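Let me begin by presenting the structure, written as C-alpha coordinates, before commenting on it.
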Amino acid sequence: MSSAMQASYLPATTDSIAQALEAKDPSESISILYRVLENPASSPEALRIKEQAISNLTELLTQEKKAEELRTLLTQLRPFFSLIPKAKTAKIVRGIIDAVAKIPGTSDLQISLCKEMVEWTRAEKRTFLRQRVEARLAALLMENKEYSEALTLLTGLIKEVRRLDDKLLLVDIDLLESKLHFSLRNLPKAKAALTAARTAANAIYVPPAQQGTIDLQSGILHAEEKDYKTAYSYFFEAFEAFNALEDPRAVFSLKYMLLCKIMVNQADDVAGIISSKAGLHYVGPDLDAMKAVADAHSKRSLKLFETALRDYRSQLEEDPIVHRHLSSLYDTLLEQNLCRLIEPYSRVEIAHVAEMIELPVDHVEKKLSQMILDKKFAGTLDQGAGCLIIFEDPKSDAIFPATLETIANIGKVVDSLYVRSARIMA
(Lines give C-alpha, C1' and ligand atoms only; values in the text may rest on other atoms or scores of the structure.)
Protein backbone atom coordinates (compact mmCIF):
# COMPACT_ATOMS: atom_id res chain seq x y z
CA MET A 1 0.00 0.00 0.00
CA SER A 2 1.46 3.43 -0.94
CA SER A 3 2.32 6.07 1.72
CA ALA A 4 -0.25 8.46 0.17
CA MET A 5 -2.99 5.83 0.60
CA GLN A 6 -1.80 5.05 4.15
CA ALA A 7 -2.05 8.74 5.02
CA SER A 8 -5.60 8.94 3.60
CA TYR A 9 -7.10 6.14 5.68
CA LEU A 10 -9.97 6.80 8.09
CA PRO A 11 -10.26 5.50 11.68
CA ALA A 12 -12.06 2.14 11.98
CA THR A 13 -14.91 3.48 14.12
CA THR A 14 -18.70 3.58 14.00
CA ASP A 15 -18.44 7.30 13.13
CA SER A 16 -16.64 6.43 9.87
CA ILE A 17 -19.38 3.90 8.99
CA ALA A 18 -22.03 6.54 9.80
CA GLN A 19 -20.16 9.05 7.62
CA ALA A 20 -20.30 6.56 4.70
CA LEU A 21 -24.05 6.02 5.21
CA GLU A 22 -24.70 9.77 5.24
CA ALA A 23 -22.70 10.44 2.06
CA LYS A 24 -24.61 12.16 -0.75
CA ASP A 25 -23.91 9.63 -3.48
CA PRO A 26 -22.83 5.95 -3.64
CA SER A 27 -19.35 6.71 -5.09
CA GLU A 28 -18.54 8.89 -2.07
CA SER A 29 -19.76 6.16 0.32
CA ILE A 30 -17.61 3.58 -1.51
CA SER A 31 -14.54 5.85 -1.25
CA ILE A 32 -15.05 6.34 2.54
CA LEU A 33 -15.48 2.59 3.14
CA TYR A 34 -12.28 1.81 1.17
CA ARG A 35 -10.40 4.32 3.38
CA VAL A 36 -11.75 2.57 6.50
CA LEU A 37 -10.44 -0.77 5.19
CA GLU A 38 -7.00 0.79 4.55
CA ASN A 39 -6.63 1.46 8.30
CA PRO A 40 -3.83 -0.85 9.61
CA ALA A 41 -5.43 -1.19 13.09
CA SER A 42 -6.08 -4.82 14.10
CA SER A 43 -7.77 -4.52 17.49
CA PRO A 44 -10.97 -6.62 17.97
CA GLU A 45 -13.11 -3.46 17.71
CA ALA A 46 -11.29 -2.29 14.54
CA LEU A 47 -11.75 -5.73 12.95
CA ARG A 48 -15.48 -5.70 13.81
CA ILE A 49 -15.86 -2.25 12.19
CA LYS A 50 -13.95 -3.41 9.11
CA GLU A 51 -16.28 -6.42 8.77
CA GLN A 52 -19.23 -4.01 8.83
CA ALA A 53 -17.45 -1.83 6.24
CA ILE A 54 -16.93 -4.88 3.96
CA SER A 55 -20.64 -5.77 4.24
CA ASN A 56 -21.74 -2.21 3.38
CA LEU A 57 -19.17 -1.91 0.57
CA THR A 58 -20.33 -5.22 -0.97
CA GLU A 59 -23.96 -3.98 -0.98
CA LEU A 60 -23.02 -0.65 -2.58
CA LEU A 61 -20.83 -2.22 -5.28
CA THR A 62 -23.65 -4.68 -6.07
CA GLN A 63 -26.18 -1.83 -6.38
CA GLU A 64 -23.77 0.01 -8.69
CA LYS A 65 -23.22 -3.24 -10.68
CA LYS A 66 -19.43 -3.03 -10.26
CA ALA A 67 -18.61 -6.73 -10.56
CA GLU A 68 -14.91 -6.23 -11.39
CA GLU A 69 -14.46 -4.05 -8.28
CA LEU A 70 -16.00 -6.82 -6.14
CA ARG A 71 -13.48 -9.25 -7.60
CA THR A 72 -10.60 -6.83 -6.85
CA LEU A 73 -11.97 -6.31 -3.32
CA LEU A 74 -11.83 -10.05 -2.66
CA THR A 75 -8.15 -10.11 -3.70
CA GLN A 76 -7.32 -6.99 -1.61
CA LEU A 77 -8.92 -8.52 1.51
CA ARG A 78 -6.61 -11.58 1.59
CA PRO A 79 -4.20 -10.05 4.19
CA PHE A 80 -7.24 -9.09 6.31
CA PHE A 81 -8.50 -12.72 6.22
CA SER A 82 -5.38 -13.85 8.11
CA LEU A 83 -6.47 -11.63 11.06
CA ILE A 84 -10.02 -12.98 11.46
CA PRO A 85 -11.42 -16.49 12.22
CA LYS A 86 -11.79 -18.91 9.28
CA ALA A 87 -15.58 -19.08 9.71
CA LYS A 88 -15.87 -15.29 9.26
CA THR A 89 -13.56 -15.45 6.24
CA ALA A 90 -15.82 -18.11 4.69
CA LYS A 91 -18.90 -15.95 5.32
CA ILE A 92 -17.30 -12.86 3.71
CA VAL A 93 -15.95 -14.77 0.68
CA ARG A 94 -19.27 -16.50 0.01
CA GLY A 95 -21.10 -13.18 0.55
CA ILE A 96 -18.98 -11.42 -2.10
CA ILE A 97 -19.36 -14.34 -4.58
CA ASP A 98 -23.17 -14.20 -4.00
CA ALA A 99 -23.06 -10.42 -4.57
CA VAL A 100 -21.31 -10.86 -7.95
CA ALA A 101 -24.00 -13.44 -8.88
CA LYS A 102 -26.72 -10.80 -8.37
CA ILE A 103 -25.20 -8.68 -11.16
CA PRO A 104 -26.55 -9.83 -14.58
CA GLY A 105 -24.18 -11.10 -17.28
CA THR A 106 -21.32 -12.04 -14.95
CA SER A 107 -21.28 -15.86 -15.32
CA ASP A 108 -17.76 -15.93 -16.85
CA LEU A 109 -16.47 -13.53 -14.17
CA GLN A 110 -18.03 -15.71 -11.43
CA ILE A 111 -16.32 -18.82 -12.84
CA SER A 112 -12.88 -17.17 -12.97
CA LEU A 113 -13.43 -15.67 -9.49
CA CYS A 114 -14.33 -19.09 -8.05
CA LYS A 115 -11.27 -20.66 -9.71
CA GLU A 116 -9.04 -17.97 -8.18
CA MET A 117 -10.55 -18.55 -4.74
CA VAL A 118 -10.15 -22.35 -5.05
CA GLU A 119 -6.41 -21.86 -5.75
CA TRP A 120 -6.07 -19.44 -2.80
CA THR A 121 -7.96 -21.69 -0.37
CA ARG A 122 -5.87 -24.68 -1.46
CA ALA A 123 -2.66 -22.73 -0.83
CA GLU A 124 -3.98 -21.49 2.55
CA LYS A 125 -5.24 -25.02 3.45
CA ARG A 126 -8.79 -23.75 4.07
CA THR A 127 -10.58 -27.02 3.24
CA PHE A 128 -14.05 -26.04 4.53
CA LEU A 129 -14.20 -22.91 2.35
CA ARG A 130 -12.57 -24.59 -0.67
CA GLN A 131 -15.19 -27.34 -0.79
CA ARG A 132 -18.03 -24.83 -0.77
CA VAL A 133 -16.42 -22.64 -3.44
CA GLU A 134 -15.80 -25.76 -5.58
CA ALA A 135 -19.47 -26.74 -5.22
CA ARG A 136 -20.43 -23.22 -6.35
CA LEU A 137 -17.97 -23.46 -9.27
CA ALA A 138 -19.50 -26.80 -10.37
CA ALA A 139 -22.99 -25.20 -10.34
CA LEU A 140 -21.73 -22.28 -12.46
CA LEU A 141 -20.02 -24.62 -14.94
CA MET A 142 -23.28 -26.59 -15.26
CA GLU A 143 -25.26 -23.39 -15.94
CA ASN A 144 -22.63 -22.54 -18.59
CA LYS A 145 -23.21 -26.02 -20.14
CA GLU A 146 -19.58 -27.06 -19.42
CA TYR A 147 -20.84 -30.44 -18.25
CA SER A 148 -17.68 -32.57 -18.49
CA GLU A 149 -15.61 -30.11 -16.40
CA ALA A 150 -18.41 -29.80 -13.83
CA LEU A 151 -18.74 -33.61 -13.57
CA THR A 152 -14.98 -34.08 -13.09
CA LEU A 153 -14.96 -31.46 -10.33
CA LEU A 154 -18.02 -32.97 -8.60
CA THR A 155 -16.73 -36.56 -8.73
CA GLY A 156 -13.59 -35.66 -6.75
CA LEU A 157 -15.52 -33.38 -4.39
CA ILE A 158 -18.14 -36.02 -3.51
CA LYS A 159 -15.47 -38.56 -2.51
CA GLU A 160 -13.74 -35.97 -0.31
CA VAL A 161 -16.93 -34.75 1.39
CA ARG A 162 -18.21 -38.32 2.00
CA ARG A 163 -14.93 -39.07 3.76
CA LEU A 164 -15.39 -36.01 6.00
CA ASP A 165 -19.12 -36.84 6.47
CA ASP A 166 -20.22 -33.20 6.04
CA LYS A 167 -23.93 -34.00 5.57
CA LEU A 168 -25.18 -30.48 4.76
CA LEU A 169 -22.62 -29.96 1.99
CA LEU A 170 -23.20 -33.54 0.82
CA VAL A 171 -26.92 -32.77 0.27
CA ASP A 172 -25.91 -29.75 -1.86
CA ILE A 173 -23.41 -31.71 -3.93
CA ASP A 174 -25.66 -34.76 -4.45
CA LEU A 175 -28.47 -32.45 -5.60
CA LEU A 176 -26.10 -30.72 -7.99
CA GLU A 177 -24.93 -34.09 -9.33
CA SER A 178 -28.57 -35.12 -9.89
CA LYS A 179 -29.24 -31.92 -11.89
CA LEU A 180 -26.04 -32.43 -13.88
CA HIS A 181 -26.89 -36.04 -14.84
CA PHE A 182 -30.43 -34.93 -15.73
CA SER A 183 -28.97 -32.28 -18.07
CA LEU A 184 -26.85 -35.03 -19.65
CA ARG A 185 -30.06 -37.15 -20.06
CA ASN A 186 -28.70 -39.87 -17.73
CA LEU A 187 -31.89 -40.54 -15.74
CA PRO A 188 -30.73 -43.57 -13.68
CA LYS A 189 -27.70 -41.66 -12.33
CA ALA A 190 -29.82 -38.54 -11.71
CA LYS A 191 -32.24 -40.64 -9.60
CA ALA A 192 -29.37 -42.34 -7.73
CA ALA A 193 -27.81 -38.95 -6.85
CA LEU A 194 -31.19 -37.62 -5.69
CA THR A 195 -31.70 -40.70 -3.47
CA ALA A 196 -28.24 -40.05 -1.95
CA ALA A 197 -29.24 -36.41 -1.30
CA ARG A 198 -32.48 -37.53 0.40
CA THR A 199 -30.59 -40.07 2.55
CA ALA A 200 -28.11 -37.40 3.70
CA ALA A 201 -30.98 -34.93 4.29
CA ASN A 202 -32.85 -37.41 6.52
CA ALA A 203 -29.92 -37.52 8.94
CA ILE A 204 -29.80 -33.73 9.59
CA TYR A 205 -31.96 -30.62 9.77
CA VAL A 206 -32.32 -29.30 6.23
CA PRO A 207 -33.31 -25.63 5.72
CA PRO A 208 -36.75 -25.19 4.04
CA ALA A 209 -35.18 -23.75 0.87
CA GLN A 210 -32.97 -26.83 0.52
CA GLN A 211 -35.92 -29.17 1.14
CA GLY A 212 -37.88 -27.28 -1.52
CA THR A 213 -35.01 -27.78 -3.99
CA ILE A 214 -35.00 -31.55 -3.27
CA ASP A 215 -38.79 -31.72 -3.84
CA LEU A 216 -38.50 -29.69 -7.05
CA GLN A 217 -35.83 -32.03 -8.44
CA SER A 218 -37.91 -35.08 -7.38
CA GLY A 219 -40.90 -33.66 -9.27
CA ILE A 220 -38.81 -33.05 -12.40
CA LEU A 221 -37.49 -36.65 -12.40
CA HIS A 222 -40.96 -38.16 -11.82
CA ALA A 223 -42.40 -36.00 -14.63
CA GLU A 224 -39.62 -37.27 -16.91
CA GLU A 225 -40.84 -40.83 -16.21
CA LYS A 226 -44.43 -39.74 -17.08
CA ASP A 227 -45.53 -40.22 -13.46
CA TYR A 228 -47.30 -36.86 -13.44
CA LYS A 229 -49.48 -37.45 -10.35
CA THR A 230 -46.47 -38.10 -8.10
CA ALA A 231 -44.59 -35.22 -9.80
CA TYR A 232 -47.53 -32.90 -9.03
CA SER A 233 -47.39 -33.72 -5.30
CA TYR A 234 -43.62 -33.00 -5.20
CA PHE A 235 -44.06 -29.72 -7.10
CA PHE A 236 -46.81 -28.77 -4.64
CA GLU A 237 -44.47 -29.44 -1.67
CA ALA A 238 -41.73 -27.36 -3.34
CA PHE A 239 -44.20 -24.56 -4.08
CA GLU A 240 -45.35 -24.40 -0.44
CA ALA A 241 -41.73 -24.21 0.79
CA PHE A 242 -40.69 -21.51 -1.73
CA ASN A 243 -43.94 -19.56 -1.29
CA ALA A 244 -43.40 -19.32 2.50
CA LEU A 245 -39.84 -18.04 1.89
CA GLU A 246 -40.94 -15.71 -0.97
CA ASP A 247 -38.33 -17.49 -3.11
CA PRO A 248 -38.56 -16.63 -6.87
CA ARG A 249 -38.50 -20.39 -7.64
CA ALA A 250 -42.08 -20.62 -6.31
CA VAL A 251 -43.43 -19.49 -9.70
CA PHE A 252 -41.54 -22.32 -11.47
CA SER A 253 -42.93 -24.90 -9.03
CA LEU A 254 -46.45 -23.57 -9.69
CA LYS A 255 -45.82 -23.59 -13.44
CA TYR A 256 -44.74 -27.26 -13.32
CA MET A 257 -47.81 -28.10 -11.18
CA LEU A 258 -50.00 -26.70 -13.96
CA LEU A 259 -47.98 -28.64 -16.56
CA CYS A 260 -48.70 -31.90 -14.68
CA LYS A 261 -52.44 -31.11 -14.64
CA ILE A 262 -52.38 -30.56 -18.43
CA MET A 263 -50.39 -33.77 -19.04
CA VAL A 264 -52.96 -35.92 -17.12
CA ASN A 265 -55.86 -34.40 -19.11
CA GLN A 266 -57.05 -32.24 -16.22
CA ALA A 267 -56.52 -28.94 -18.03
CA ASP A 268 -59.83 -27.63 -16.63
CA ASP A 269 -58.22 -27.50 -13.13
CA VAL A 270 -55.59 -25.00 -14.32
CA ALA A 271 -57.85 -21.94 -14.16
CA GLY A 272 -58.92 -22.90 -10.60
CA ILE A 273 -55.30 -23.19 -9.38
CA ILE A 274 -54.32 -19.85 -10.96
CA SER A 275 -57.33 -18.07 -9.39
CA SER A 276 -56.60 -19.52 -5.92
CA LYS A 277 -55.17 -17.25 -3.21
CA ALA A 278 -51.62 -18.58 -3.67
CA GLY A 279 -51.89 -18.56 -7.47
CA LEU A 280 -53.05 -14.94 -7.73
CA HIS A 281 -49.84 -13.86 -6.00
CA TYR A 282 -47.80 -15.14 -8.97
CA VAL A 283 -49.97 -14.02 -11.89
CA GLY A 284 -47.70 -13.12 -14.79
CA PRO A 285 -46.34 -14.34 -18.15
CA ASP A 286 -45.42 -17.83 -16.81
CA LEU A 287 -48.94 -18.60 -15.58
CA ASP A 288 -50.53 -16.91 -18.62
CA ALA A 289 -48.49 -19.24 -20.84
CA MET A 290 -49.72 -22.36 -19.01
CA LYS A 291 -53.33 -21.07 -19.11
CA ALA A 292 -53.06 -20.59 -22.89
CA VAL A 293 -51.73 -24.16 -23.28
CA ALA A 294 -54.51 -25.52 -21.03
CA ASP A 295 -57.17 -23.70 -23.12
CA ALA A 296 -55.71 -25.12 -26.34
CA HIS A 297 -55.63 -28.62 -24.83
CA SER A 298 -59.23 -28.38 -23.56
CA LYS A 299 -60.44 -27.29 -27.02
CA ARG A 300 -58.15 -29.83 -28.78
CA SER A 301 -57.06 -26.92 -30.97
CA LEU A 302 -53.63 -27.16 -32.58
CA LYS A 303 -53.90 -23.61 -33.88
CA LEU A 304 -54.38 -22.25 -30.32
CA PHE A 305 -51.55 -24.53 -29.15
CA GLU A 306 -49.16 -23.13 -31.78
CA THR A 307 -50.30 -19.57 -30.99
CA ALA A 308 -49.49 -20.17 -27.29
CA LEU A 309 -46.03 -21.55 -28.18
CA ARG A 310 -45.37 -18.52 -30.40
CA ASP A 311 -46.71 -15.87 -27.99
CA TYR A 312 -44.97 -17.31 -24.90
CA ARG A 313 -41.74 -18.57 -26.48
CA SER A 314 -39.47 -17.61 -23.54
CA GLN A 315 -41.84 -19.21 -20.96
CA LEU A 316 -42.47 -22.44 -22.94
CA GLU A 317 -39.85 -23.10 -25.63
CA GLU A 318 -36.88 -21.76 -23.62
CA ASP A 319 -37.77 -23.69 -20.45
CA PRO A 320 -36.24 -27.13 -21.21
CA ILE A 321 -38.51 -29.01 -18.78
CA VAL A 322 -41.77 -27.51 -20.08
CA HIS A 323 -40.61 -27.70 -23.71
CA ARG A 324 -39.82 -31.43 -23.47
CA HIS A 325 -43.28 -32.34 -22.17
CA LEU A 326 -45.22 -29.93 -24.39
CA SER A 327 -43.53 -31.26 -27.54
CA SER A 328 -44.79 -34.79 -26.73
CA LEU A 329 -48.24 -33.34 -25.87
CA TYR A 330 -48.28 -31.45 -29.19
CA ASP A 331 -47.41 -34.64 -31.12
CA THR A 332 -50.16 -36.61 -29.37
CA LEU A 333 -52.70 -33.85 -30.01
CA LEU A 334 -51.67 -33.60 -33.68
CA GLU A 335 -51.95 -37.39 -34.19
CA GLN A 336 -55.39 -37.52 -32.51
CA ASN A 337 -56.67 -34.67 -34.70
CA LEU A 338 -55.30 -36.17 -37.91
CA CYS A 339 -56.75 -39.63 -37.16
CA ARG A 340 -60.16 -38.08 -36.48
CA LEU A 341 -60.07 -36.04 -39.72
CA ILE A 342 -58.98 -38.85 -42.07
CA GLU A 343 -61.28 -41.51 -40.55
CA PRO A 344 -64.24 -40.99 -42.99
CA TYR A 345 -62.03 -41.14 -46.11
CA SER A 346 -60.38 -43.85 -48.19
CA ARG A 347 -58.64 -41.22 -50.37
CA VAL A 348 -58.19 -37.54 -49.47
CA GLU A 349 -56.09 -34.62 -50.66
CA ILE A 350 -53.33 -33.67 -48.21
CA ALA A 351 -54.08 -29.97 -48.90
CA HIS A 352 -57.70 -30.55 -47.75
CA VAL A 353 -56.52 -32.21 -44.50
CA ALA A 354 -54.07 -29.31 -43.92
CA GLU A 355 -56.89 -26.81 -44.53
CA MET A 356 -59.17 -28.56 -42.02
CA ILE A 357 -56.48 -28.75 -39.35
CA GLU A 358 -55.22 -25.21 -40.18
CA LEU A 359 -51.56 -26.18 -40.53
CA PRO A 360 -49.01 -25.91 -43.42
CA VAL A 361 -49.26 -28.68 -46.06
CA ASP A 362 -45.58 -29.76 -45.79
CA HIS A 363 -45.94 -30.05 -41.99
CA VAL A 364 -49.05 -32.23 -42.30
CA GLU A 365 -47.48 -34.38 -45.06
CA LYS A 366 -44.38 -35.01 -42.92
CA LYS A 367 -46.51 -35.98 -39.91
CA LEU A 368 -48.73 -38.33 -41.95
CA SER A 369 -45.70 -40.16 -43.39
CA GLN A 370 -44.30 -40.52 -39.84
CA MET A 371 -47.65 -41.92 -38.60
CA ILE A 372 -47.73 -44.46 -41.48
CA LEU A 373 -44.19 -45.62 -40.62
CA ASP A 374 -45.16 -45.85 -36.93
CA LYS A 375 -48.18 -47.99 -37.99
CA LYS A 376 -50.66 -45.54 -36.44
CA PHE A 377 -52.88 -46.28 -39.47
CA ALA A 378 -52.56 -48.28 -42.70
CA GLY A 379 -52.07 -46.14 -45.79
CA THR A 380 -49.69 -44.56 -48.29
CA LEU A 381 -48.91 -41.10 -49.65
CA ASP A 382 -49.38 -40.50 -53.39
CA GLN A 383 -47.09 -37.47 -53.66
CA GLY A 384 -47.64 -37.10 -57.40
CA ALA A 385 -51.37 -36.54 -56.91
CA GLY A 386 -50.87 -34.93 -53.46
CA CYS A 387 -53.22 -37.47 -51.89
CA LEU A 388 -53.33 -39.74 -48.90
CA ILE A 389 -54.71 -43.23 -49.60
CA ILE A 390 -56.06 -45.00 -46.52
CA PHE A 391 -56.32 -48.79 -46.49
CA GLU A 392 -58.87 -50.72 -44.52
CA ASP A 393 -57.32 -52.40 -41.50
CA PRO A 394 -56.70 -55.99 -42.64
CA LYS A 395 -58.65 -58.25 -40.29
CA SER A 396 -56.28 -60.96 -39.07
CA ASP A 397 -57.69 -64.48 -39.35
CA ALA A 398 -57.78 -66.20 -35.95
CA ILE A 399 -56.82 -69.54 -37.54
CA PHE A 400 -53.21 -68.49 -38.26
CA PRO A 401 -52.08 -67.76 -34.67
CA ALA A 402 -53.92 -70.95 -33.51
CA THR A 403 -52.10 -73.02 -36.17
CA LEU A 404 -48.72 -71.57 -35.17
CA GLU A 405 -49.43 -72.36 -31.52
CA THR A 406 -50.39 -75.97 -32.43
CA ILE A 407 -47.18 -76.43 -34.46
CA ALA A 408 -45.12 -75.04 -31.56
CA ASN A 409 -46.79 -77.49 -29.15
CA ILE A 410 -46.20 -80.44 -31.54
CA GLY A 411 -42.54 -79.39 -31.70
CA LYS A 412 -42.31 -79.56 -27.88
CA VAL A 413 -43.92 -83.06 -27.87
CA VAL A 414 -41.48 -84.33 -30.55
CA ASP A 415 -38.51 -82.92 -28.56
CA SER A 416 -39.77 -84.62 -25.39
CA LEU A 417 -40.20 -87.99 -27.18
CA TYR A 418 -36.70 -87.69 -28.66
CA VAL A 419 -35.21 -87.16 -25.18
CA ARG A 420 -37.09 -90.20 -23.81
CA SER A 421 -36.05 -92.47 -26.72
CA ALA A 422 -32.42 -91.35 -26.27
CA ARG A 423 -32.59 -92.46 -22.60
CA ILE A 424 -34.11 -95.88 -23.55
CA MET A 425 -31.47 -96.47 -26.23
CA ALA A 426 -28.71 -95.62 -23.70
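The values are calculated or read from the model by the stated rules, or taken from the named source; none is laboratory data. Computed from a predicted structure; not experimentally measured. No Cβ is skipped: glycine too gets one built from the backbone with ideal geometry, and neighbour counts run over all protein chains shown. Heads up: the accessible areas ignore ligands, DNA and RNA and are worked out on the full protein's heavy atoms, side chains in. Shrake-Rupley method; radii C 1.70, N 1.55, O 1.52, S 1.80 Å.
A few notes on this one:
- Test: residue in region 382-401 that is out of contact with any Lys or Arg (no Cβ under 8 Å at 6 or more places or on another chain), touching a residue at least 12 places away in the same chain (Cβ under 8 Å) and under 30 Å from GLY284 (Cβ atoms): no
- Those residues of region 97-108 which are in contact (Cβ under 8 Å) with a residue 40 or more places away in the chain and buried (at least 17 other Cβ atoms within 10 Å of the Cβ), in sequence order: ALA99, ILE103
- From LYS367, LYS376, residue being open to solvent by 50 Å² or more (accessible area, probe 1.4 Å), closer than 26 Å to LYS303 by Cα and touching a Leu at 6+ places or on another chain (Cβ under 9 Å): LYS376
- Boolean, LYS65 is open to solvent by 40 Å² or more (accessible area, probe 1.4 Å), free of Cβ contacts under 8 Å to residues at least 12 places away in the same chain and either assigned to a loop (DSSP other than H, G, I, E, B) or under 23 Å from LEU113 (Cβ atoms) (or both): no
- Residue in region 168-184 that is polar (S, T, N, Q), in contact with a Phe, Trp or Tyr (Cβ under 9 Å, 6 or more places away or on another chain) and open to solvent by 40 Å² or more (accessible area, probe 1.4 Å) present: yes
- Sole residue being of a type in the set (A, V, I, L, M), open to solvent by 40 Å² or more (accessible area, probe 1.4 Å) and in a loop (DSSP other than H, G, I, E, B), chosen from ALA385, ALA408: ALA385
- Residue within region 78-88 that is of a type outside the set (A, V, I, L, M, F, W, C), assigned to a loop (DSSP other than H, G, I, E, B) and under 26 Å from PRO248 (Cα atoms) present: no
- The one condition from (1) part of a helix (DSSP H, G or I); (2) under 18 Å from the mean Cα position of the chain (by Cα) that ALA99 does not meet is (2).
- If the condition is being under 18 Å from GLY105 (Cα atoms) and surrounded by 15 or more Cβ atoms within 10 Å (Cβ to Cβ), then region 70-80 contributes LEU70, ARG71.
- Scanning region 16-59 for residues being of a type in the set (A, V, I, L, M) and open to solvent by 50 Å² or more (accessible area, probe 1.4 Å) gives a total of 1.
- Verdict on GLU149 being in contact (Cβ under 8 Å) with a residue 12 or more places away in the chain and at negative phi: no
- Filter result for the condition that a residue is among the charged types (D, E, K, R), without any contact (Cβ under 8 Å) to a residue 12 or more places away in the chain and either farther than 25 Å from THR307 by Cβ or in a strand (DSSP E or B) (or both), over LYS366, LYS375: LYS375
- All of ALA278, ALA292 fail the test of being free of Cβ contacts under 8 Å to residues at least 60 places away in the same chain and within 17 Å of PRO248 (Cα to Cα), apart from ALA278.
- When ASP227 is tested against (1) more than 30 Å from ASN186 (Cα to Cα); (2) surrounded by fewer than 21 Cβ atoms within 10 Å (Cβ to Cβ), just one condition goes unmet, and that condition is (1).
- If you go through region 28-70 and keep only what is over 15 Å from LEU10 (Cβ atoms), under 41 Å from the mean Cα position of the chain (by Cα) and of a type in the set (Ser, Thr, Tyr), you end up with SER55, THR58, THR62.
- Matching residues, region 133-149, being open to solvent by 40 Å² or more (accessible area, probe 1.4 Å) and not in a loop (DSSP other than H, G, I, E, B): ARG136, GLU143, TYR147, SER148, GLU149
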